[in-house]
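Nothing in this text is a laboratory measurement; each read-out follows from the coordinates by a stated rule. Computed from a prediction, not measured in an experiment: that's the story for all the values here. Neighbour counts run over all protein chains shown; Cβ positions are idealised from the backbone, glycine included.
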Amino acid sequence: MGGEFQYRSLADFAGSRREWAPHVLGLIACLLTSAPAFAQADLADAPPKLALQVAAASLGDACRRVETTDPAALAQVSLHRTFHDDFDAHPLSSDRWIPHYAGGAAWPEARYWGGEGSDFRRKDTWNGEQQIYVDPRYGGRDATPLGLDPFRVHDGVLSIIASRTPAALKPVLFNNEYVSGILTTQSRFSQKHGYFEIRSKIPAGVGVWPAFWLLADDGGWPPEIDVLEGRGPKSNNLVMTTHWRIPETQRVFSCGFDFAVADTSTAFHNYGVLWQPDRITYFIDRKPVSEIKTPVGFDDPMYMIVNLAMGSNHFPGVGFVDSESPVAVTFEIDRISAYQIDER
C-alpha cells in the first residue's frame with residue numbers, strides 16, 4: 001500500500017484489542033509489508049542508561065516509516081531505566097505483574113469488572129479470542145484453584161504457554177479452547193513518556209496471537225500502543241500500531257505497519273516504542289522503523305501488557321483455531337524493560 005492512508009471497515013481493522021463503543025465511526029489502517037533487515041546482535045542486556053536515535057525532521061501529521069540512516073538526519077534521546085524484569089524467577093513471585101486485566105471504569109461497558117471467578121478479566125470476548133488466561137490460583141467457575149500455570153522460567157527466559165484445554169476442564173473454564181497467560185503491570189507500574197521494550201521470539205501458527213502493548217492507566221481506551229503483535233500463521237512477521245480517538249467526533253483512528261524480519265520465531269530481537277511528547281517511534285533492535293506524531297489523548301501514564309491470545313475475528317491473518325492449530329504454543333521472552341527520558 002506504499003505507506004498511503006487507507007480507510008477500512010471495522011471488520012478489516014488490524015490491531016483493535018478493546019470493545020468498540022457504538023459511536024465509533026471510522027479508523028485508519030496503514031499497513032506495510034516491507035521492512036529493513038537487521039542482523040541478529042547480542043542485545044540481551046538492558047543497561048541502566050540507554051541512547052536511542054530518532055528522526056529529527058518535523059512530522060506534521062504524518063504516520064510513516066523511518067527510511068533514513070543518515071546520522072545527520074537523526075537526533076539522540078538519552079534515557080535511564082525505570083523498570084526491568086529479566087525473568088530469572090517466576091513472574092508472579094514478585095509484585096511486578098498481575099496475571100489478568102484489572103479493569104477500569106472507562107473501559108466499554110466495564111467488561112473487566114468481573115469477580116475473581118469471572119472470565120471477563122481473563123479474555124477479550126469481543127475479539128473472538130478462544131483462550132482463557134489462567135494462573136495457579138485461578139479456579140474458573142469453581143472456588144478451588146485449578147493450579148494451572150502457563151508460565152515457565154528456564155535460564156532467564158520466560159515462556160508463556162498456550163495449550164489446549166483438557167476436556168474435563170472445559171466446563172469450569174467457560175468452554176474455551178485454550179488456556180494461556182497474560183501479565184500486566186496495571187496498578188503496579190505505569191509511566192508517562194519513555195521507552196518500553198521487550199526482547200522475545202514471536203511464535204506463529206493458525207490462531208496464534210502474541211502481543212506486547214500499552215494501555216492508559218486511567219482505564220480508558222484508546223489510547224493504545226501495540227509494540228508488537230504476531231499475525232497468526234504468518235511467520236517472521238510482526239505489526240506495530242498506534243490507536244487514538246478524536247474527542248470532537250469520538251471517531252477512533254489507527255495507523256500501523258507490518259514488518260518482515262527473517263527469524264522472528266527462532267531468534268530473540270528487541271521490539272520497542274519511544275513515546276515522546278511530540279512523536280511516537282517504533283524500534284526493531286533499537287533501530288527506528290516507523291513514527292507518528294503523538295495523537296491527541298496520550299495524556300496519562302501507560303502500563304505494559306504481554307500476552308499470548310489464541311483466535312481472533314478482527315485481527316487479519318490470525319484466524320480461529322482449528323485442527324491445524326498447535327496443541328501447545330510458546331511465547332519466549334528474555335526480558336521486558338522501561339526507560340524514562342532524561343531531563344535536558
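Within the set 123/192; 192/293; 123/287, which residue pairs have Cα atoms separated by over 23 Å? Where the Cα-Cα span goes over 23 Å, the pairs concerned are 123/192; 123/287.
Applying 1/(1 + (r/R0)^6) with r as the Cβ-Cβ distance of residue 279 and residue 175 and R0 = 30 angstrom yields a FRET efficiency of 0.10. Note on the range 147-282: Cα-Cα pairs beyond 26 Å make up 35% of the total pair count. Placing dummy labels 7 Å off each Cα toward the beta-carbon, the span from residue 155 to residue 251 is 5.1 nm. Each principal axis of the Cα cloud of the range 188-227 was taken in turn, and the coordinate range along them, longest first, works out to 34, 21, 17 Å.
Our estimate of slack between residue 84 and residue 45, defined as 0.36 nm per intervening residue step minus the Cα-Cα distance, is 13.0 nm. Rg and Dmax of the range 223-344, both derived from C-alpha coordinates alone, stand at 15.9, 56 Å. The stretch between residue 266 and residue 57 holds 71.7 nm of extra length on full extension. This uses 0.36 nm per residue minus the Cα-Cα distance.
On a per residue basis, the convex hull of the C-alpha atoms belonging to the range 125-223 measures out at 154 Å³. Take the Cα of residue 313, go 7 Å toward its beta carbon, and none of the backbone nitrogen atoms of the range 203-217 fall under 15 Å from that spot.
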